[in-house]
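Derivation of every value follows stated rules applied to the coordinates shown; laboratory data play no part. Quick caveat, the model's predicted, so the values are computed rather than measured. Here Cβ is always computed from backbone atoms with ideal geometry, including for glycine, and neighbour counts include all displayed protein chains.
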Amino acid sequence: MFKGYLIKLEGRYKKVMSEWFGRRIIQLKNDKPFVSFAFDDFPRSAFLLGGEILKKYKVRGSYYASFGLMGETTLLGDIFNSEDVKDVVTEGHEIGSHTFDHLNPWETRVDLFEDSIIKNQIAIRSIIPEFSFKTLAYPYTGPHPRIKMVAGRHFSCCRGGGHIPNIRRIDLNLLKSCFIDKWHREDLEYFRRLLQRNSKDRGWLIFSTHDISANPSAFGCSPEIFENIVREAVASSATILPICEVYSRILSFGS
């Protein structure tokens with residue numbers, strides 16, 4: 001019992017430190033809500049199936065790639081290859097950084113985390129010369145404040161989890177996102193409520209997932225579930241754009 005209490009206490013400590021320190025705050029002044037769709041680890045299915053669903057509804061998403069995983073097969077299925085990278089960019093989606101080595105942003109030394117950011121940038125330029133990542137998604141968990149500060153020097157904005165929309169005052173070093181995964185994917189009403197709150201507060205709601213498959217991992221969802229959520233988002237009053245493009249839009253409203 002005491003051990004369980006200590007684990008909870010440690011988790012609470014990390015959450016507070018991650019959310020309240022190393023921040024880069026701006027005020028949202030947009031007059032309409034935004035929605036973004038993001039795919040972490042960039043499994044091929046996220047583009048081959050998820051991308052087709054986005055195309056059907058004439059919207060685009062953000063694919064977060066760790067180039068150290070390129071061409072591998074994981075519990076998410078086959079990870080992206082070099083041709084997928086080119087196709088994603090050609091179709092107008094964003095490719096964001098997920099660090100080269102898919103590093104834990106709480107446990108990794110700051111210098112090693114920054115080295116992995118740079119390695120990922122070098123790797124994508126071997127496929128698309130002069131390409132520059134604009135945004136980052138932290139792998140695994142919330143980042144240590146020192147990691148947030150370093151990441152904030154390399155990217156326009158950085159994304160984590162949190163399961164709430166970004167409303168009013170937002171931290172560009174730790175944007176919130178709501179995951180479509182085994183813990184929530186069967187509850188369409190949950191996603192409707194998020195969209196309703198986002199529309200009411202003129203916020204920025206980011207949906208994140210991993211693989212899109214008939215037999216998804218715990219961290220992904222089926223094509224049917226994903227399409228239902230995309231359809232609900234399109235039916236809402238939100239403008240749907242990749243994360244880097246929403247960042248540009250919100251800056252145009254002033255900070």
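Counted residue by residue at 0.36 nm each, then reduced by the alpha carbon distance between them, the extension gain from residue 248 to residue 48 reaches 69.3 nm.
The range 88-117 and the range 206-244 have Cα centres separated by 21 Å. Computed per residue of the chain from DSSP H runs no shorter than four, each worth -39500 (n - 2.57), the mean residue ellipticity at 222 nm is -12500 deg cm²/dmol. Note on the range 2-252: antiparallel DSSP beta bridges, both residues inside, total approximately 25 percent of the bridges counted. For the range 64-78, backbone phi angles converted through the Karplus equation (6.51, -1.76, 1.60; θ = phi - 60°) give residue-by-residue couplings of 9, 10, 9, 5, x, 9, 3, x, 8, 10, 10, 5, 8, x, 6 Hz, Gly and Pro being listed as x. Pairs of Cα atoms nearer than 8 Å and 6+ residues apart set the relative contact order; for the chain it is 29 percent. For the range 145-158, the Karplus equation 6.51 cos²θ - 1.76 cosθ + 1.60, evaluated at θ = phi - 60°, returns couplings of x, 5, 5, 4, 5, 5, 4, x, 7, 9, 10, 4, 7, 10 Hz by residue, with Gly and Pro reported as x. If r is the Cβ-Cβ distance from residue 182 to residue 122 and R0 is 41 Å, what FRET efficiency results, to the nearest 0.05? Efficiency at R0 = 41 Å is approximately 0.75.
Rounded to the nearest 20, the size of the Cβ-charge dipole of the chain about its Cα centre is 1300 debye, with Lys and Arg at +1 and Asp and Glu at -1. Which pairs, out of 29/55; 8/29; 29/134, put more than 25 Å between their alpha-carbon atoms? Over 25 Å apart, Cα to Cα: 29/55; 8/29. Taking amide H as placed 1.01 Å from N in the peptide plane, residue 95 has its amide H under 5 Å from the amide H of 63, each at least 5 places away in sequence or on another chain. Less than 9 Å Cβ to Cβ from residue 209, Lys/Arg counted +1 and Asp/Glu -1: what total charge do the surrounding residues give? Value of the local net charge: -2. In sequence order, the range 36-43 has phi-based couplings of 10, 10, 10, 10, 8, 6, 6, x Hz under the Karplus curve 6.51 cos²θ - 1.76 cosθ + 1.60, θ = phi - 60°, and Gly or Pro positions carry x. The H on the amide N of residue 80, modeled in the peptide plane, is under 5 Å from the matching H of 44, 71, each at least 5 residues off or on a different chain.
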